[in-house]
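A short write-up of the structure that comes next.
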Amino acid sequence: MTLTSILFDVDGTLADTERDGHRIAFNKAFEAFGLDWNWDVELYGRLLAVTGGKERIRHYVDHWNKAYVKPSDFDDLVSQLHREKTKYYAEILEAGNIPMRPGISRLLKEAMARDMKLAIVTTTTPGNVTTLLKCSLDPDAANWFDVIAAGDIVPAKKPAPDIYFWAIERLGVQPQACIAVEDSENGFQASRGAGIKTVITVTDYTKDQNFSGAAAILSDLGEPETPFNVLQGSSYGKRYADIDLFERWHA
Ligand code: XBP
Ligand code: MG
């Protein structure tokens, strides 16, 4: 089957958002609510095992802060904390501090020039996606995508495949016509669970995770002047990922 569609994860894949974006925003929200919780770089890496910010806060309280006595309205508190966190995260993006990863802008433009279908498939809050695209890619970049699948639209977040199933149904394509780009084991399990071939671009947080069965594992998508490192799979003699290379991985 011909490759018609590329599906992109957001956090860790489009941009390295977690350590200096989401993590900082969570900590600011905790401080604003008078909580002495602080997620350092190492702890946050462990908390990334759970996708979704609200889910991550609950997981932290249940597993890492057992001394904390939950108030009766704890669910409300989680929602409020997460809203506050989302506000701070937008401020960080608007300050222009989170660039796109190498090759993302170039590959998206090449895919559009070839009339391919593009989708975003993420567990993050929808507003985070549009703000990131606007601030770090292009003012109009949200319109580059045929489908944006984000946040709570499916109850079961990655590693469940549900968000990928939702996205390909909206795109109107078969999984065999797609490639996904992911950075994490949770994301890879989701895309693979939906039957979609997946290329991995690792981050510092995910480089030691298990990606066996991926079409390729790369440092990043690379640029002509700053080539990628191929950690697993073949680059067919190429120095950066373009649509031709995606077609070879897909074949
Ligand atoms: C990554 C996530 C998200 C973010 C935080 O998603 O798990 O939860 O860490 O965003 P992906 P929210 O890699 O699928 O893009 O606080 O908005 O959930
Ligand atoms: Mg990710």
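The values are calculated or read from the model by the stated rules, or taken from the named source; none is laboratory data. Quick caveat: nothing in here was measured; it's all calculated off a predicted structure. Using ideal geometry, Cβ is built from the backbone for each residue, glycine included, and neighbour counts are taken over all protein chains shown. Quick note on the areas: whole protein, heavy atoms, side chains included, nothing else; ligands and nucleic acids left out. Shrake-Rupley method; radii C 1.70, N 1.55, O 1.52, S 1.80 Å.
Compute the relative contact order of the stretch 18-94 as a whole-number percentage, counting only Cα pairs closer than 8 Å that sit 6 or more residues apart in sequence.
On the way: 51 pairs, mean separation 36.1, N = 77.
Answer for the stretch 18-94 is 47 percent.
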In Å, descending, principal axis extents of the Cα set of the chain: 55, 33, 33
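Report, for the stretch 101-236, the % of DSSP beta bridges that are antiparallel, rounded to 5. The partial results should precede the final answer.
Working: 3 of 13 bridges.
Beta bridges within the stretch 101-236, antiparallel portion: roughly 25 percent.
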Solvent exposure of the chain as accessible area per residue, Å², 1.4 Å probe: 45
Label-point separation in nm, Arg170 to His59, each point 7 Å along Cα→Cβ: 2.3
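Given the -39500 (n - 2.57) contribution per DSSP H run of 4+ residues, what per-residue ellipticity at 222 nm results for the chain, rounded to the nearest 500 deg cm²/dmol? Let's see the in-between values first.
Numbers: 9 runs with 97 residues, N = 251.
For the chain, the value works out to -11500 deg cm²/dmol.
What is the projected area of the convex hull of the Cα atoms of the stretch 128-202, averaged over all directions, in nm²?
On the way: hull surface 20.3 nm².
The directionally averaged projection comes out at 5.1 nm².
Taking the Cα centre as origin and putting +1 on Lys and Arg beta-carbons and -1 on Asp and Glu beta-carbons, what dipole magnitude results for the chain, to the nearest 20 debye? Write down the numbers at each step before the final one.
Values: 27 positive and 36 negative charges, 77 e Å.
Charge dipole of the chain: 360 debye, to the nearest 20.
Which FRET efficiency, nearest 0.05, do Ala67 and Ala32 yield, Cβ-Cβ r, R0 22 Å?
Working: r = 21 Å, r/R0 = 0.96.
Calculated value: 0.55.
Just list whichever of Lys28/Lys70; Lys54/Lys117; Lys54/Lys207 have alpha carbons separated by over 28 Å in the model shown. Walk me through the numbers before you get to the answer.
Working: Lys28/Lys70 20 Å; Lys54/Lys117 31 Å; Lys54/Lys207 25 Å.
Beyond 28 Å between Cα atoms: Lys54/Lys117.
Among bridges DSSP assigns within the chain, what percent are antiparallel (round to 5)? Kindly include the intermediate steps, with their values, before the conclusion.
Numbers: 4 of 23 bridges.
The answer is about 15 percent antiparallel.
Report the convex hull volume per residue for the stretch 121-251, counting only C-alpha atoms, in Å³. If you can, show how the numbers build up before the last one.
Numbers: hull volume 15.6 nm³, N = 131.
Each residue corresponds to 119 Å³ of Cα convex hull volume.
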Per-residue SASA entry for Met112, accessible area with 1.4 Å probe, Å² rounded to 10: 60
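Mind putting a number on the dipole of the stretch 123-179 about its Cα centre? Charges go on the C-beta only, +1 for Lys and Arg and -1 for Asp and Glu, and I need it in Debye to the nearest 20.
On the way: 4 positive and 6 negative charges, 31 e Å.
Rounded to the nearest 20 debye, it is 140 debye.
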